[in-house]
Amino acid sequence: MKFIIFNGSPAGANSNTNVISEAFLNGAKKAGAETENIFLINKKIGHCKGCFACWFQTPGKCVMQDDMAELLDKYNSADVVCFATPVYTWNMTAALKNFVDRLAPLKSPLIVNTNDSFDLADSKTKTQQFMVISNCGFPGNNNFETMKAVFAACNPVLEIYRNCGKLLMSQKKEIKKTVNVYLQAVEQAGFEMATQNYVSDETKTKLEMQLMSIPDYVKYIGM
Ligand SMILES: Cc1cc2nc3c(=O)[nH]c(=O)nc-3n(C[C@H](O)[C@H](O)[C@H](O)COP(=O)(O)O)c2cc1C
């Protein structure tokens, strides 16, 4: 089983998003899965020009010469594809959105109507499962609402939304202790996904754990 994470944080490997991603992949690795962690910020990915050549002239192939051809092959080779991103202005980062737009070759120009909900058909039968990892700077969960709505169309098998993201790399002893408990739950989620293809309700509940009270967090980030 192969897991690929496409991380859209501008901070790349040093991102809070990657703290969660690494824990998840460690769990999957412990279960024997193959894993790959890709930092989109390090890749050359141009903006989709909307020429639709990838549908009508060279189906499945983009005219642009950049890293996307390699990334599409990787995407297609995975069993579980994960989009990982911090919340930037209530949404995914521009780096991830740019990558998502360039996934157009995976679609075909055939409109599908499911109960008056319109989308494009996949160019080949989709075998990948899809999941999301995100973190945001504020407490509470309202900052994930836009992203949840956007990704609902992809039927995610798992969504890990972590608020209070500034705590993930804290060096303070008590905070580190709590974050480690959280990251153990993330690792367990990776292990369960790789062994049973779903995450138990017990683990999902742990993924929702509060890292710090809202007043303490607001004080911690100095706002
Ligand atoms: C341009 C920008 C926009 C942001 N917008 C939001 C936001 O809308 N809501 C939120 O909770 N945090 C927001 N944040 C905070 C980030 O989500 C937070 O710092 C996160 O931990 C960064 O994760 P990373 O290290 O993985 O990049 C924003 C940060 C930046 C730089």
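The values are calculated or read from the model by the stated rules, or taken from the named source; none is laboratory data. Keep in mind that this is a model prediction, so the values were computed, not measured. Positions of Cβ are backbone-derived with ideal geometry, glycine not excepted, and every protein chain shown enters the neighbour counts. Note: accessible area is taken over every heavy atom of the protein model, side chains too, but ligands, DNA and RNA are not part of it. Shrake-Rupley method; radii C 1.70, N 1.55, O 1.52, S 1.80 Å.
Structural remarks
- Condition met for F144 (modelled with pLDDT of 95 or more, among the aromatic types (F, W, Y) and open to solvent by 20 Å² or more (accessible area, probe 1.4 Å)): no
- Residue within segment 38-53 that is aliphatic (A, V, I, L, M) and without any contact (Cβ under 8 Å) to a residue 12 or more places away in the chain present: yes
- Residue within segment 30-47 that is under 14 Å from the mean Cα position of the chain (by Cα) and open to solvent by less than 20 Å² (accessible area, probe 1.4 Å) present: yes
- Filter result (away from the ligand (no atom under 12 Å from the Cβ) and more than 15 Å from V132 (Cα to Cα)) within segment 7-27: N26, G27
- Filter result (within 18 Å of the chain's Cα centre (by Cα) and modelled with pLDDT of 95 or more) within segment 107-140: Q129, F130, M131, V132, I133, S134, N135, C136, G137
Every residue, every condition in (1) open to solvent by 50 Å² or more (accessible area, probe 1.4 Å); (2) among the aliphatic types (A, V, I, L, M), yes or no:
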| site | (1), (2) |
| --- | --- |
| V63 | yes, yes |
| A69 | yes, yes |
| V81 | no, yes |
| T89 | yes, no |
| K107 | yes, no |
| L110 | yes, yes |
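- Selection within segment 1-53 - of a type in the set (F, W, Y) and in contact with a strand residue (DSSP E or B) (Cβ under 7 Å, 6 or more places away or on another chain): F3, F6, F24, F39
- Residues in segment 91-100 that are within 13 Å of the ligand (Cβ to nearest atom) and open to solvent by less than 40 Å² (accessible area, probe 1.4 Å): M92, T93, A95, L96.
- In segment 123-149, the residues that are more than 22 Å from M209 (Cα to Cα) and in contact with a helix residue (DSSP H, G or I) (Cβ under 9 Å, 6 or more places away or on another chain): S123, K124, K126, T127, Q128, Q129, F130
The rows are residues; the columns are (1) of a type in the set (A, V, I, L, M); (2) away from the ligand (no atom under 16 Å from the Cβ); (3) without any contact (Cβ under 8 Å) to a residue 24 or more places away in the chain; (4) out of contact with any Pro (no Cβ under 7 Å at 6 or more places or on another chain).
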position: E174; (1), (2), (3), (4): no, yes, yes, yes
position: A185; (1), (2), (3), (4): yes, yes, no, yes
position: A194; (1), (2), (3), (4): yes, yes, no, yes
position: N197; (1), (2), (3), (4): no, yes, no, yes
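- Close contacts from segment 15-37, counting a first residue that is basic (K, R) and a second that is assigned to a helix (DSSP H, G or I), with Cβ to Cβ under 7 Å and a gap of 6+ residues or different chains, come to K30/F191.
- Qualifying positions in segment 147-167 - within 15 Å of P86 (Cβ to Cβ), among the aliphatic types (A, V, I, L, M) and surrounded by fewer than 21 Cβ atoms within 10 Å (Cβ to Cβ): V150
- Test for Q129: is it over 24 Å from G12 (Cβ atoms) and touching a strand residue (DSSP E or B) at 6+ places or on another chain (Cβ under 6 Å): yes
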